[in-house]
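J.: My questions all concern the structure below.
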Amino acid sequence: HVTAADRRRVRCAHCRTTTEAEVEIGGSVKCDGCGLTLVCYGHFSRRLAAYLGFEAT
């Protein structure tokens, strides 16, 4: 089992692109697809193997 990782996969809720980046839960990352600044939310999808990312306001 993986207990720690430097990089997270963040799935954009707007364009559905998955971005891999060094980001903490609650941190911000730029989407590789649409360019929006996303907040890395704590919800993890086992099906997509990625955290939910939504537009930072």
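The values are calculated or read from the model by the stated rules, or taken from the named source; none is laboratory data. Here the structure is a predicted model, which means the values were calculated and not measured. Neighbour counts are summed over all protein chains in view; Cβ atoms, including those assigned to glycine, are modelled from backbone coordinates with ideal geometry. Note: areas computed on protein heavy atoms with side chains; ligands, DNA, RNA excluded. Shrake-Rupley method; radii C 1.70, N 1.55, O 1.52, S 1.80 Å.
J.: How much accessible area does Asp6 have with a 1.4 Å probe, in Å² rounded to the nearest 10?
T.: Counting only protein heavy atoms, Asp6 exposes about 130 Å² to solvent.
J.: Which net charge results when you count Lys and Arg as +1 and Asp and Glu as -1 among the other residues whose beta-carbon is under 15 Å from that of Gly42?
T.: +3
J.: According to a simple spin-label model (label point 7 Å from Cα along Cα-to-Cβ), what is the distance in nm between Thr57 and Ser45?
T.: Result for the modelled spin labels: 2.2 nm.
J.: Ok, one more. Obtain the nm distance between the two label points defined at Lys30 and His14 by a simple spin-label model: each point lies 7 Å from its Cα along the Cα-to-C-beta direction.
T.: With each label point 7 Å from Cα toward Cβ, the separation is 1.3 nm.
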